[in-house]
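Below is one structure, written out as structure tokens, with a few remarks after it.
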Amino acid sequence: MSIDDRNLSIRIYDYSDSIEFITWKNINDYTTKSFKISKNDKKALEENIYTIVTTPYENEIFCTDYVGKINISMSNHNSTYSINLNSVCDWKTFNEETKNISKIIDRYK
């Protein structure tokens, strides 16, 4: 599973119980931090991300592409599901699933 916005990439891998944060300053300047993630948090992220990538969304609030651009995806053995959300202002408050994801992620930052 992955979540990518303008300055942060988050990776949650099926084969390990870790969450990885990649913070971008520019293309050649970034930091990576990994933390152990609980099984309950990992399952909650999977459920929320699955709901997001399989449900079409209409955004009634418009912000420029410079604010609130995010890509969320998840893969299994032979498929990848993803959604690109543009002009969503603050993606962390876009809907209930992104609010839940944000709360979980904030525990590990």
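Candidates (i) 30; (ii) 15; (iii) 18; which is the computed percent of Cα pairs over 25 Å apart? So the calculated entry is the one marked (iii). Using a probe radius of 1.4 angstrom, the carbon and sulfur fraction of the accessible surface of the range 1-98 is 49%.
Tell me, what is the per residue accessible area of the chain in Å², probe radius 1.4 Å? Kindly include the intermediate steps, with their values, before the conclusion.
Working: 7090 Å² over 109 residues.
Value returned for the chain: 65 Å² of accessible area per residue.
Calculated [222 nm] ellipticity per residue, helices only, for the chain: -8000 deg cm²/dmol; basis is -39500 (n - 2.57) per DSSP H run with n ≥ 4, divided by all residues, nearest 500.
The values are calculated or read from the model by the stated rules, or taken from the named source; none is laboratory data. Keep in mind it's a predicted model, so treat the numbers as computed, not measured. Ligands, DNA and RNA are stripped out before the accessible areas are found, and what is left, the full protein with its side chains, is counted by its heavy atoms. Shrake-Rupley method; radii C 1.70, N 1.55, O 1.52, S 1.80 Å.
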